[in-house]
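The values are calculated or read from the model by the stated rules, or taken from the named source; none is laboratory data. Everything quoted here is computed from the prediction, not taken from an experiment. Glycine also receives a Cβ, built like all others from the backbone with ideal geometry; neighbour counts cover every protein chain displayed.
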Amino acid sequence: MSTIQLDHVSRWYGNVVAVNDVSMTIGPGVTGLLGPNGAGKSTLIALMAGFLAPSVGTVTLDGTPLWRNEQIYRDIGLVPEPEALFDYLTGRQFVLANARLHGVRDPGAAGERALAVVEMTDAAGRTIATYSKGMRQRVKMASALVHDPSVLLLDEPFNGMDPRQRLHLMDLLRRMGSDGRTVLFSSHILEEVEQVARQIEVVVAGRHAASGDFGAIRRLMTDRPNRYVVRSADDRSLARALMGEGSVRAVSLRAEGGVEVEATDFGRFSAALPRVARDLGVRLFEVSPTDESLESVFSYLVAS
Amino acid sequence: MTAPVNADVTRAARRTGTGTGGLVNTTVAWLGLRSLFGRRRGILLFALPLVLLALAVLVRVLIEGSAAAPDILYQLGLVVVVPLVALIATTGVLSSEIDDGSVVYLLAKPLSRLTIVISKLLVAFGCVLVFAAVPLLVAGLILRWDLPRLGIGFAVGGLAGGLTYCTLFAFASVLTRHAVVVGLVYVLIWEGLLGGLLDGIRWLSVTWWSAAITDEITEGPPLVEKMGVTYAIAATVVVIIGATWLASHKLRGYSYTADE
């Protein structure tokens, strides 16, 4: 059982603040680090992996500082984001080398076991240069598992994976978490995170925006006012009828055509809209969220 | 479908596992070797000594007498081949991995940073021996079969200089991403240009130190005057130890983020 503790951690590069006064505790089980690109997720993972010194604050693993302490890697497995690997080695050679570098007693067996876990045994004889992105990701994963670490840190592990590989990795992470390992992975996709992680930490613009189980985060994200633009055959009638719905807070007609709707409850609104349109006999051409981009969701979270 | 990860056996193996101590790690060295010759740059290591040997043969065949021998061994060998072999080998094992970030796989291990630097340096040292010192010996023998002292002297001097260059370039590799350029500028400007113009620089010039060591063995007309071999050896040892330590110290504080 291992716990990573960040205590009032900030990290800046010159004038740019990458991580701003973040305190969080990552315990056993799977934790998702969620945030838009450039939010500071990689910086946080580098801090937790001992590859970056905090400008202010402390980062510890079970009370031991991580920076400039290579002994922590007995307990940490790191899956970095960049693709760079030892392309001229076979997958098996690469994983075996990692096992040897960790000094495990039977590196051959440890390597084969790690390859089996990520289902790369069949392709292990090929050079890494011939691997697809998903295969590279899995061989990186195997290299991080050879020494059976109690902490696993993964930076955007789902990037470049096809749906089958994605499901497999999710399953793997869940199992690692239920084994009692401390697993932390970063992602910018909520759906990805909530399928695996018990605990979610949201970072936006270097700040710790929200923390909780996926239900709490999901509610925060969906209970906020949502704006939609609806284009229909008869905008004015539709607008009038929608205003009568409890889930709608505001309606306006747009000069360029279409109705702009602000809904308070995403679930009820998405059921109400088609019903209203059908009852009126108004045909809907297009329903599009105007602020659904992840950044706006996150900025809402930061503001709240 | 998949094997269990959390076998108690592996956990026990990890606790009692050995092999991460010591100053040399064979896996780090093996990876360095693969990295060096897995890239195109490795070919240059063969080209440089070949040029030296070809020139030695040419001179031997075309020119009567052997007055040119020390000049060739010095100008092409000690001044050009030795630093370039050291530069290519050291940046090949260290700089390229730091450049593309794959060094993180070495660093995320319970290995002392000194062990990593020394293991990689041993590969570079081996290259200096094979691609600079031995070719100097052979070229010396080709030029002056009758005077083996000459080849031996240049081989030993070249080896001393080459090892020193390796540690300096190792430090440069962890210091900057432009280690190759920095190394070239250093060799051309400091060692080459300024070393020839300003007399005082010889005291701080790796090539002059290696020349002084060579002089001691060849006992021929000196390449460098007024420099004791004791000073040259002491300076060489100090730089080798100092630069190795500095490189490992700097590597210990290696910062790595994907965002940058």
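Of note:
- Verdict on B:LEU111 being within 14 Å of chain A (Cβ to nearest Cβ), assigned to a loop (DSSP other than H, G, I, E, B) and hydrophobic (A, V, I, L, M, F, W, C): yes
- Exactly one residue among B:LEU58, B:LEU62, B:LEU111 is among the hydrophobic types (A, V, I, L, M, F, W, C) and either surrounded by 24 or more Cβ atoms within 10 Å (Cβ to Cβ) or in contact (Cβ under 8 Å) with a residue 24 or more places away in the chain (or both), and that residue is B:LEU111.
- Exactly one residue among A:GLU81, A:GLU156, A:GLU119, A:GLU112 is of a type in the set (Asp, Glu), facing chain B (nearest Cβ under 10 Å) and part of a helix (DSSP H, G or I), and that residue is A:GLU112.
- Any strands (runs of 3 or more DSSP E) falling wholly within the stretch A:1-59 and containing at least 2 residues that are closer than 20 Å to A:ALA216 by Cβ: A:16-26, A:29-34
- Failed criterion for B:VAL128 (all others in (1) surrounded by fewer than 24 Cβ atoms within 10 Å (Cβ to Cβ); (2) in a helix (DSSP H, G or I) hold): (1)
- Checking each residue in the stretch A:31-41 for being under 11 Å from the mean Cα position of the chain (by Cα) and surrounded by 24 or more Cβ atoms within 10 Å (Cβ to Cβ) picks out A:THR31, A:GLY32, A:LEU33, A:LEU34, A:GLY35, A:LYS41.
- Boolean, B:ILE72 is under 18 Å from the mean Cα position of the chain (by Cα), part of a helix (DSSP H, G or I) and more than 14 Å from chain A (Cβ to nearest Cβ): no
- Breaking point among (1) on the phi < 0 side of the Ramachandran plot; (2) within 7 Å of chain B (Cβ to nearest Cβ), for A:ARG68: (1)
- Cβ-Cβ contacts under 6 Å between residues 6 or more apart (or on different chains), taken from a first residue in the stretch B:213-235 that is under 19 Å from B:ALA133 (Cβ atoms) to a second residue that is hydrophobic (A, V, I, L, M, F, W, C) and not in a helix (DSSP H, G or I), are listed as B:ASP215/B:LEU223.
- Restricting attention to the stretch A:74-93, the residues being without any contact (Cβ under 8 Å) to a residue 60 or more places away in the chain and within 21 Å of A:PHE185 (Cβ to Cβ) number 4.
- Unique match (being touching a helix residue (DSSP H, G or I) at 6+ places or on another chain (Cβ under 6 Å), within 30 Å of B:VAL24 (Cα to Cα) and assigned to a helix (DSSP H, G or I)) among B:ILE233, B:ILE213, B:ILE241: B:ILE213
- Residue check for B:SER210: among the small types (Gly, Ala, Ser) and within 13 Å of B:VAL79 (Cβ to Cβ): yes
- If the condition is being within 11 Å of chain B (Cβ to nearest Cβ), surrounded by fewer than 19 Cβ atoms within 10 Å (Cβ to Cβ) and in a helix (DSSP H, G or I), then the stretch A:96-109 contributes only A:ALA109.
- A:ARG126 being at the interface with another protein chain (Cβ under 8 Å from one of its Cβ atoms) and more than 26 Å from the chain's Cα centre (by Cα): no
- Selection count where residues are under 29 Å from the mean Cα position of the chain (by Cα) and either modelled with pLDDT of 95 or more or in a helix (DSSP H, G or I) (or both), scope the stretch A:86-95: 4
- Some residue of the stretch B:157-175 being touching a residue at least 12 places away in the same chain (Cβ under 8 Å), more than 18 Å from the chain's Cα centre (by Cα) and farther than 30 Å from A:VAL95 by Cα: no
For (1) within 30 Å of A:HIS102 (Cα to Cα); (2) of a type in the set (A, V, I, L, M), each residue gets a yes or a no:
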| residue | (1), (2) |
| --- | --- |
| B:ALA29 | yes, yes |
| B:LEU33 | yes, yes |
| B:PHE37 | yes, no |
| B:ARG40 | yes, no |
| B:LEU48 | no, yes |
| B:ALA54 | no, yes |
| B:ALA69 | no, yes |
| B:LEU76 | no, yes |
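- Residue match in the stretch B:185-194 (condition: among the hydroxyl-bearing types (Ser, Thr, Tyr) and part of a helix (DSSP H, G or I)): yes
- The listed residue being in the same structural domain as A:VAL79 (by TED's automatic domain parsing) and under 19 Å from B:TYR254 (Cα atoms), out of A:THR31, A:THR43: A:THR43
- Qualifying residue in the stretch B:146-155 (condition: charged (D, E, K, R), surrounded by fewer than 23 Cβ atoms within 10 Å (Cβ to Cβ) and within 14 Å of chain A (Cβ to nearest Cβ)): no
- From A:THR58, A:THR64, residue being at pLDDT 95 or above and either of a type in the set (Lys, Arg) or in the same structural domain as A:HIS147 (by TED's automatic domain parsing) (or both): A:THR58
- Selection count, the stretch A:233-268, where residues are within 36 Å of the chain's Cα centre (by Cα) and part of a strand (DSSP E or B): 10
- Test set (1) free of Cβ contacts under 8 Å to residues at least 60 places away in the same chain; (2) under 30 Å from A:HIS147 (Cβ atoms); (3) not in a loop (DSSP other than H, G, I, E, B) - B:SER102 fails condition number: (3)
- Taken as a whole, the stretch A:173-190 holds no residue that is crowded, with 22+ Cβ neighbours inside 10 Å, at pLDDT below 90, within 16 Å of the chain's Cα centre (by Cα) and assigned by TED's automatic domain parsing to the domain that holds A:TRP12.
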